[in-house]
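K.L.:
Mind looking over this structure? Questions follow.
The values are calculated or read from the model by the stated rules, or taken from the named source; none is laboratory data. Source: prediction; values computed, not measured. Cβ sites come from the backbone with ideal geometry, for glycine too, and all protein chains shown count toward neighbours.
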């Protein structure tokens, strides 16, 4: 398990690189490793912009004989008031493009988000090393 504290822009790059390297070590094709790295980068950036402090936890798992990388991004505040809106392309509360969460969801094979205003947000994502629907 790899734990990456996220507080500033430089931490986003660290999380991205570690996610990519983990996926490659696990034998992921370059494109799937890049998808993991990009999704992790989007979530780490959201932590910096919206919460100011959080972490990304990365792990390799084997389930039913298949390898996957799991990434969990979490912060302690401020939470997302309208999750449905936050998951739509173009929704932004900070003047950005509003594509971070929705892009991360598209890039990964599994995606779950829990958020409570005032308490924080946790996103759990999984990417399989091979196509889950061959």
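K.L.:
Here are some conditions: (1) in a helix (DSSP H, G or I); (2) farther than 12 Å from residue 123 by Cα; (3) modelled with pLDDT under 95. Residue 94 meets all but one. Which one does it not meet?
P.N.:
(1)
K.L.:
Sticking with this one: In the stretch 31-77, how many residues are outside any helix (DSSP H, G or I) and within 18 Å of residue 102 (Cβ to Cβ)?
P.N.:
Within the stretch 31-77, residues that are outside any helix (DSSP H, G or I) and within 18 Å of residue 102 (Cβ to Cβ) number 2.
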